Amino acid sequence: QVQLVESGGGLVQPGGSLRLSCAASRSISSIYIMGWYRQAPGKQRELVAHIRSSGTTYYTDSVKGRFTISRDNAKNTVYLQMNSLEPEDTAVYYCTANGGDWGQGTQVTVSS
């Protein structure tokens with residue numbers, strides 16, 4: 001098991017950027033897959049991006065070219081850089097490890 005704490009959410013205007021951080025309680029290099037999910041009001045939780053220990057990444061179509069998932073193993077932290085944000089990106093964003101451990105979530109609101 002690993003404990004995860006997200007941070008970096010907030011209110012941003014359309015076209016703006018945010019960087020979310022996910023701090024893990026142990027080395028993330030030993031975790032097979034880490035990902036970011038999001039859940040908007042009235043919608044199902046969806047996978048936004050994930051990164052495997054091999055370095056392979058995945059992005060849902062709606063964020064390709066705008067979001068980047070990365071990791072800093074020395075800091076036991078995974079990031080989600082979000083650029084060109086749109087109102088449709090508004091959601092609570094969650095960090096996951098191996099699809100089982102979840103953080104508490106951080107709110108991202110994109111609005112004028």
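The values are calculated or read from the model by the stated rules, or taken from the named source; none is laboratory data. Model, not experiment: these values are computed from the prediction. Heads up, the Cβs are rebuilt from the backbone with ideal geometry, glycines too, and the neighbour counts pull from every protein chain shown. Ligands, DNA and RNA are stripped out before the accessible areas are found, and what is left, the full protein with its side chains, is counted by its heavy atoms. Shrake-Rupley method; radii C 1.70, N 1.55, O 1.52, S 1.80 Å.
Within the range 58-105, the residues that satisfy the criterion of being open to solvent by less than 20 Å² (accessible area, probe 1.4 Å), part of a strand (DSSP E or B) and within 15 Å of S17 (Cβ to Cβ) are F67, I69, L80, M82, Y93. The residues in the range 32-57 that are over 18 Å from V110 (Cβ atoms) and assigned to a strand (DSSP E or B) can be counted, and the count is 8.
Applying a threshold of 7 Å to beta carbon distances and a minimum spacing of six or more residues, or different chains, the list of pairs starting in the range 1-30 at a residue that is under 24 Å from S84 (Cα atoms) and ending at one that is at pLDDT below 95 reads Q13/S112; P14/S112.
Please go through the range 66-112 and pick out each residue that is closer than 22 Å to S54 by Cα and of a type in the set (G, A, S). Hits for the range 66-112 are S70, A74, A97, G99, G100.
Look at the range 69-96: where a residue is within 22 Å of R26 (Cα to Cα) and touching a residue at least 40 places away in the same chain (Cβ under 8 Å) and a partner is assigned to a loop (DSSP other than H, G, I, E, B) and open to solvent by 60 Å² or more (accessible area, probe 1.4 Å), sitting 6+ places away or on another chain with Cβ atoms under 7 Å, you get N76/R26. The condition of being open to solvent by less than 50 Å² (accessible area, probe 1.4 Å) and in a loop (DSSP other than H, G, I, E, B) holds for V2.
With respect to the conditions (1) under 11 Å from S21 (Cα atoms); (2) open to solvent by 40 Å² or more (accessible area, probe 1.4 Å), S54 lacks only one, and its number is (1).
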